[in-house]
Amino acid sequence: MPQPHLRTVVVLAAGEGKRMKSALPKVLHPLLGRTLLGHVLTAAAPLAADRTVVVVGHGAEQVRAHLTEIAPDATPVLQAQQLGTGHAVRIALEAVPEAAGTVVVINGDVPLLRAETVAALVAAHEGEGAAATVLAAEVPDPTGLGRIVRDAAGRLEQIVEERDATPAQRALREINAGIYAFDAVRLRDALGKLSTDNDQGEEYLTDVFGLLVSAGEPVGVHVAADHVETLGCNDRVELAGLRRLLRDRVNEAWMRTGVSILDPATTWIDVTATVERDAVIDQNTQLRGTTVVGAQAVVGPDVTLIDTVVGAAATVLRSHAVGAEVGPGASVGPYAYLRPAARLAEKSKVGTFVEVKNSEVGPGAKVPHLSYVGDATIGAKANIGAATIFVNYDGVNKHRTVVGEAAFIGCDTSLIAPVEVGAGAYVAAGSAISQDVPPGALGVTRAPQRSIEGWVARKRAGTVSAAAAERALAEGASAGGPVAREGEAIHGDAETVGRPSAAGDTATE
Ligand code: UD1
Ligand code: MG
């Protein structure tokens, strides 16, 4: 005989969840970073059970596959036909003959349940040596739930399902949360005596309580401090309600640790994400998966971060990132898209309408506008001009581009990989670079410019352009560019830097 198990957890997850109207089994629906089942298993984890059994049925293959991922130690047990919660626990215990001591049973659809509450239920149960203890809650609307029926002295008499209840019992607002602790031996015994004499013709786990009471066994009721924890999920409206409640719980917890959340109603932080002190999360922001936001970072508004690490004091504005790393003090957005393995070093910048994938942007390097950076290594302090495209894909294979330290890439450049631009090199705006540029050299592939005098007057006569040209020529304006009136900036010039004589305008900053 193997060692007896002193604690066994049984999670009931075989039901279909008809009202979800979904191809996905109910317990696999996601809720801020975990599935409903994942939340329940997390709440049970600190019990350190010798064995955790998950009863599967509807969508068994999907649920098993999910368990392999999130709880490989759990034992799935198949309940081929859903003949009731009592039947489910009976089948679960048949698979664990070693179960002695305490058996904790949890409905798989109670995702807001806290570990502390389960632990308190088990402590009360074990402390009193009860045969069975149910977690109860006083709720504003008990519709559809089993009611806790007490005698005149306040002792549990039975748990009755709503559809089997008398009008007086229906009026009770103390409900069965679907979470229990049992003494294994007495549970097995009572499960063998369950009838199906009820409205649904099922074996009700809840009937175990009435049977134990009749046999004079001590049973207990542990009332949850916060009824919200006991809310179940039966349809998508309830799921959305639970998501809001969990969102508020998570946001409050982070705010109490010193995180500023400017608009908690539009900030959705997965339970698996981490936010450090003095970070500021602005509105419409989602932090998903294993995302970490560092101290004093500013994230949002309008940001989604999935499995992304944001360093201390970095800023991310109106952007979407998946599997990326944003270094300390770096700046992202507005409107950037960081894809897997985008690694932005300290104080680097990825600006507006820039997409970065599988690339390193070195310390202090800048990619400020309208660029695609794929499969690249960009050195420290390099400046990548607007509309630079890292041409990484030849239709079959991906190739890498290396841009050296403090290199300067002019606007509207294609860097055709595999290619390397050396440290301190310049690339002239409008170039298509397919050969390496040595350190300190200027790479340029531009065709020389021609200006064909009088072309507009000849080919576009009668247009506003022709009229403007005629006036300008009459006033003898130079062709050297726009003339600023007093107190007026010339568009573009304020931002344009680096006009090496051979290269023309090469980059913006
Ligand atoms: C159950 C309780 C009810 C309680 C409510 C709390 C019973 C008879 N009633 O009702 O008193 O107030 O939970 O939410 O237990 N399941 C199986 N196999 C089955 C049947 C159900 O694994 O044969 C699983 C379901 O997947 C679900 C859980 O057990 O996770 C509860 O089943 P459900 O049908 O939702 O029970 P309720 O009617 O909500
Ligand atoms: Mg239910």
When the residues of region 23-38 are narrowed to those that are outside any strand (DSSP E or B) and aliphatic (A, V, I, L, M), which ends up nearest to ligand 1 (Cβ to nearest atom)?
V27
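Against the definition (over 11 Å from the mean Cα position of the chain (by Cα) and either at pLDDT 95 or above or surrounded by fewer than 17 Cβ atoms within 10 Å (Cβ to Cβ) (or both)), how does V280 come out, yes or no? Even if it seems obvious, please write down each step before you answer.
Numbers: over 11 Å from the mean Cα position of the chain (by Cα): yes; either at pLDDT 95 or above or surrounded by fewer than 17 Cβ atoms within 10 Å (Cβ to Cβ) (or both): yes.
For V280, the condition - over 11 Å from the mean Cα position of the chain (by Cα) and either at pLDDT 95 or above or surrounded by fewer than 17 Cβ atoms within 10 Å (Cβ to Cβ) (or both) - is met.
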Mind listing whichever residues of region 71-85 are more than 15 Å from ligand 2 (Cβ to nearest atom), assigned to a loop (DSSP other than H, G, I, E, B) and buried (at least 18 other Cβ atoms within 10 Å of the Cβ)?
A71, A74, Q79, L83
Matching residues in region 140-187 (within 12 Å of ligand 1 (Cβ to nearest atom), loosely packed, with under 12 Cβ neighbours inside 10 Å and either over 38 Å from the mean Cα position of the chain (by Cα) or not β-branched (V, I, T) (or both)) number 2
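One line per residue, one yes/no per condition, for (1) in a helix (DSSP H, G or I); (2) of a type in the set (S, T, N, Q); (3) within 14 Å of ligand 2 (Cβ to nearest atom):
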| residue | (1), (2), (3) |
| --- | --- |
| A168 | yes, no, no |
| V185 | yes, no, no |
| L194 | no, no, no |
| G210 | yes, no, no |
| A225 | no, no, no |
| C233 | no, no, yes |
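Taking the stated definitions as given, is A123 modelled with pLDDT of 95 or more and not in a loop (DSSP other than H, G, I, E, B)? Explain how you work it out, then say what you get.
Working: modelled with pLDDT of 95 or more: yes; not in a loop (DSSP other than H, G, I, E, B): yes.
Judged against the criteria, A123 is a match.
Looking only at region 39-98, which residues are touching a Pro at 6+ places or on another chain (Cβ under 7 Å), closer than 21 Å to L205 by Cα and more than 10 Å from ligand 1 (Cβ to nearest atom)?
E98
Please verify whether T377 is surrounded by 24 or more Cβ atoms within 10 Å (Cβ to Cβ) and touching a residue at least 24 places away in the same chain (Cβ under 8 Å), treating the condition exactly as stated. Quick ask: steps written out before the conclusion?
Working: surrounded by 24 or more Cβ atoms within 10 Å (Cβ to Cβ): no; touching a residue at least 24 places away in the same chain (Cβ under 8 Å): yes.
The answer is no for T377.
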Screening A253, A265 for residues that are assigned to a helix (DSSP H, G or I), closer than 19 Å to R318 by Cα, among the aliphatic types (A, V, I, L, M) and more than 16 Å from ligand 1 (Cβ to nearest atom) leaves only A265
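Pick out the one residue from H39, H29 that is surrounded by fewer than 21 Cβ atoms within 10 Å (Cβ to Cβ), within 16 Å of ligand 2 (Cβ to nearest atom) and more than 20 Å from E98 (Cβ to Cβ).
Details: H39 fails: surrounded by fewer than 21 Cβ atoms within 10 Å (Cβ to Cβ).
Answer to the selection: H29.
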Pick from A88, A92, A44: which is within 16 Å of ligand 2 (Cβ to nearest atom), small (G, A, S) and in contact with a strand residue (DSSP E or B) (Cβ under 8 Å, 6 or more places away or on another chain)?
A88
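For the condition within 15 Å of ligand 2 (Cβ to nearest atom) and among the aliphatic types (A, V, I, L, M), what is the one hit in V122, V103, V139?
Values: V122 fails: within 15 Å of ligand 2 (Cβ to nearest atom); V103 fails: within 15 Å of ligand 2 (Cβ to nearest atom).
The match here is V139.
The values are calculated or read from the model by the stated rules, or taken from the named source; none is laboratory data. Quick caveat: nothing in here was measured; it's all calculated off a predicted structure. Positions of Cβ are backbone-derived with ideal geometry, glycine not excepted, and every protein chain shown enters the neighbour counts.
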